[in-house]
Amino acid sequence: MTEKKGEGSKTISLTLGLMIDFKIHGAMQMGQKRKTDIISCGEAQTLAGLFSIRIKRTPQAIAYRQFDVESGEWREYNWQEMGTRVRRWKRALMRENLEAGDRVAILLRNSIEWVCFDQAALAVGLVVVPLYPSDAPDNIAYILEDSGSRLLLVGTQKRWETLASRCKDAGLGKILCVEHPSGDGGEGRVLQGVGEWLKAADEGASDEEERGNSGDKGNSQPSDSHALATLVYTSGTTGKPKGVMLSHFNVLWNAEATLQAISGYPEDVYLSLLPLSHMLERTASYYVPLMAGSSVAYARSLKDLPEDLKSVRPGIFVAVPQVYVGIRNKMNQQVQERGWVARLLLDWTVALGWKRFTVVQAQGKERLWQRVAWPILRQLVAAKVLAAFGGRLRLAVSGGGPLHADVSRYFIGLGLPLLQGYGLTEASPILTANRLQDNMPGSTGSALLGVELRIGEQRELLARSPGVMLGYWNRPEETRAAIDAEGWLHTGDQARISDNHVFISGRIKEILVTSSGEKVPSGDLEMSIVQEPLFDQVMVVGEGRPYLTALAVVNKREWRNLASSLGLKTDEVQSLSHSATRAAALKRIKATLRGFPKYARIRAVYLSQEPWKVEDGLLTPTLKLKRSEIEKRFATQITELYEKG
């Protein structure tokens, strides 16, 4: 499940079942009763209340797992231990000169410390401002200043040093550092190590606080469910990011509605990879498991993901589409290396698996040969290919953008029932999702219980639900533009609704209009083109132009293979602009766009090897294209594409 406003629609893809016959597995999910332990939104009242109740209900159950670098092993933390840790952070925060409603920011990788800071801040009525660890320093500085954050938690002193000179106008009084710092915060600010900070609070605590019976110094835990809980800044593909104001109730309601659509169980283990600053990850992989009593393991990094999947063996996993595309491409490469027999078996398995999926969804009957062939192909092919996920995956979420139909078909065909859904930050974030018993992979599913949807002008999808934001921080006019007088949230996404399922057709602002008046969904074209292994990143250009062109970053491995076949040297810059290279690239692009109308063809392409990065200002922290910035950076190359055309 995924969120977004102002940067493009985000599609949620939920992948279920692994190394298990999905028909049997699906029947289990739909029919077999499993014990749940869900804390309702009404019972929790606040996010801090949710955490407190979970500790009381299952104190000895495993809450989190985190890799310990020193020992080289995964360490487990139960709910009771987490409660003790959060009380320490809470006492320390209460010693600061902060008042309820003050904003405190966190710039940290997913970790136990992230959870402790978040829960402690929420428990004393502070508003948490999550920051993307990969975000550009100037963007982080802007958010700190715009939110008026009083305190910042960072991972290392080096990270703060990249920000210090840019944060002169921010109202930060103290910077906390998980790593023990060796200097001050500069600009008159205090830079203090978390260990020292917590120790000082422990030493100043009363005996009653030490016993864990208090710690609030006479202040009760905030109980207003509609109070502001967090400011989540949109990534800002155009203009400065906006702070989305979400209340405790917004998030709690959305978490409970999600669990009503997709069941959650205490035995579930999540592998958390996306940044917790991403509202999809925060709701779906933090508050949802907290509500359901599930445990969460924090992945070390994308580089370590293959090993983490095998070590943790998660039941639930959240990742961006690029991760699934990468896994599929790697699987295909391995199969390719094994020869034509292996390729043929894989193709047969995917084709048969997809056929079985369509039969089961239509509640039809399989043919005898299908029932006989599938267990064999599952054992010989599917189970071995999907072992990369750890072997017990029940649910995987692809967020941050749409997952291409070919990728969906691939994993479904291998026995992973794939559910897609849709949401945006302003909705806390989930609005729609497919269900196991009603799964239409081409759609983003039907509305969660309590969500109202309708189609407005320009075929824009409008939504109304208890999860819709309070508004944009200090931007009343933009709030009124986003939420009309009747409470409808204008998503900015074009869609159609058929058989109660939502089909997203594109972002209104990302529809290119050529000089001939043809309207082209650039995102759909880009998503199709990157399915070709040669391309890692693509942006289609053509607004107000006579035809479409594209900027593309090539995959280095595939580029080496192509260059070799063309008799060109990979490391020579001119090889990418060689007429033979461009002709080969355009041929591959044409093949990916077979299903699009003729006016959506790409006539010219500029190729490069240097990836577009967040640090370069060309991608948002959620890895969306900053189109205007890319166009500025490659203005000369774009001009040449049209001059040559």
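Residues LEU403, LEU346: which one is surrounded by 14 or more Cβ atoms within 10 Å (Cβ to Cβ), not assigned by TED's automatic domain parsing to the domain that holds ILE262 and not in a helix (DSSP H, G or I)?
The match here is LEU403.
Could you list, in sequence order, the residues of the range 456-470 that are within 26 Å of PRO402 (Cα to Cα), in contact with a helix residue (DSSP H, G or I) (Cβ under 8 Å, 6 or more places away or on another chain) and at pLDDT 95 or above?
Residues satisfying the conditions are GLU460, ALA463, SER465, PRO466, GLY467, VAL468, MET469.
Tell me whether the range 268-278 contains one or more residues that are aliphatic (A, V, I, L, M), in contact with a Gly (Cβ under 9 Å, 6 or more places away or on another chain), assigned by TED's automatic domain parsing to the domain that holds ALA121 and at pLDDT below 95.
Pass one, the range 268-278, residues aliphatic (A, V, I, L, M): 269, 271, 273-274, 276.
Remaining after also requiring in contact with a Gly (Cβ under 9 Å, 6 or more places away or on another chain): 269, 271, 274.
With assigned by TED's automatic domain parsing to the domain that holds ALA121 added as a condition, the list becomes 269, 271, 274.
Filter once more, so that each one left must be at pLDDT below 95: 274.
Scanning the range 268-278 turns up at least one residue that is aliphatic (A, V, I, L, M), in contact with a Gly (Cβ under 9 Å, 6 or more places away or on another chain), assigned by TED's automatic domain parsing to the domain that holds ALA121 and at pLDDT below 95.
Do we find that ARG392 is touching a Lys or Arg at 6+ places or on another chain (Cβ under 7 Å), part of a loop (DSSP other than H, G, I, E, B) and farther than 30 Å from THR230 by Cβ in this structure?
Taking the combined requirement at face value, the residue satisfies it.
Among the helices (runs of 4 or more DSSP H) confined wholly to the range 474-569, which include 3 or more residues that are modelled with pLDDT under 90 and within 21 Å of the chain's Cα centre (by Cα)?
522-529
Inside the range 244-342, counting only helices (runs of 4 or more DSSP H) that do not spill past its ends, which hold 3 or more residues that are touching a strand residue (DSSP E or B) at 6+ places or on another chain (Cβ under 6 Å) and touching a residue at least 12 places away in the same chain (Cβ under 8 Å)?
Output list reads 248-261.
Filtering the range 166-179 down to residues that are within 30 Å of the chain's Cα centre (by Cα) and outside any strand (DSSP E or B), which residue is nearest to GLU113 (Cα to Cα)?
VAL178
Looking for something of a type in the set (Lys, Arg) and out of contact with any Phe, Trp or Tyr (no Cβ under 8 Å at 6 or more places or on another chain) - is there at least one such residue anywhere in the range 461-473?
Within the range 461-473 (the criterion being of a type in the set (Lys, Arg) and out of contact with any Phe, Trp or Tyr (no Cβ under 8 Å at 6 or more places or on another chain)), the answer is no, since none of the residues qualifies.
In the range 569-596, which residues are surrounded by 11 or more Cβ atoms within 10 Å (Cβ to Cβ) and among the hydroxyl-bearing types (Ser, Thr, Tyr)?
THR570, SER575, SER577, THR581, THR592
If ILE630 passes every condition in (1) under 30 Å from ASP135 (Cα atoms); (2) outside any helix (DSSP H, G or I) but one, which one does it miss?
(2)
Taking only the range 265-275 into account, find how many residues are over 9 Å from the mean Cα position of the chain (by Cα) and closer than 29 Å to LEU107 by Cα.
Keep residues of the range 265-275 that are over 9 Å from the mean Cα position of the chain (by Cα), which gives 265-272.
Remaining after also requiring closer than 29 Å to LEU107 by Cα: 268-272.
Number satisfying all stated conditions: 5.
Restricting the first residue to the range 217-240 and requiring it to be modelled with pLDDT of 80 or more, which pairs with a second residue that is exposed (fewer than 13 other Cβ atoms within 10 Å of the Cβ) and outside any loop (DSSP other than H, G, I, E, B) meet a Cβ separation below 9 Å and a spacing of at least six or different chains?
SER225/GLY42
Do you know which of the residues in the range 139-165 that are in a loop (DSSP other than H, G, I, E, B) and in contact with a Lys or Arg (Cβ under 6 Å, 6 or more places away or on another chain) is surrounded by the most Cβ atoms within 10 Å (Cβ to Cβ)?
Only one residue tops the list, namely SER149.
Kindly list the number of the only condition in (1) acidic (Asp, Glu); (2) more than 15 Å from ILE39 (Cβ to Cβ); (3) not in a loop (DSSP other than H, G, I, E, B) that fails for ASP224.
Just one mismatch for ASP224, condition (3).
For the structure I just gave you, tell me whether LEU419 is outside the structural domain of ASN254 (by TED's automatic domain parsing) and either outside any strand (DSSP E or B) or free of Cβ contacts under 8 Å to residues at least 60 places away in the same chain (or both). Walk me through how you get there before you give the answer.
Details: outside the structural domain of ASN254 (by TED's automatic domain parsing): yes; either outside any strand (DSSP E or B) or free of Cβ contacts under 8 Å to residues at least 60 places away in the same chain (or both): no.
So LEU419 does not fit the description; no.
For a quick check of your reading of the model, give me the residue pairs whose first member lies in the range 594-619 and is more than 24 Å from GLY544 (Cβ to Cβ), whose second is hydroxyl-bearing (Ser, Thr, Tyr), with beta-carbon atoms closer than 6 Å and at least 6 apart or on different chains.
VAL614/SER134
Please enumerate the residues belonging to the range 18-75 that are surrounded by fewer than 20 Cβ atoms within 10 Å (Cβ to Cβ), of a type in the set (A, V, I, L, M, F, W, C) and at pLDDT below 95.
Answer for the range 18-75, where residues must be surrounded by fewer than 20 Cβ atoms within 10 Å (Cβ to Cβ), of a type in the set (A, V, I, L, M, F, W, C) and at pLDDT below 95: ILE24, ALA27, MET28, MET30, VAL69.
Could you pull out the residue among ALA604, ALA585 that is closer than 25 Å to GLU558 by Cα, part of a helix (DSSP H, G or I), assigned by TED's automatic domain parsing to the domain that holds ASN561 and not aromatic (Phe, Trp, Tyr)?
When all the criteria are applied, what remains is ALA585.
Tell me, please, whether a residue that is under 19 Å from SER398 (Cβ atoms), surrounded by 19 or more Cβ atoms within 10 Å (Cβ to Cβ) and in contact with a Ser or Thr (Cβ under 6 Å, 6 or more places away or on another chain) can be found in the range 289-296.
The answer is yes; a qualifying residue exists.
The values are calculated or read from the model by the stated rules, or taken from the named source; none is laboratory data. Predicted model only: the values in this text are computed from it and were never measured. Cβ atoms come from the backbone with ideal geometry, glycine included; neighbour counts cover every protein chain shown.
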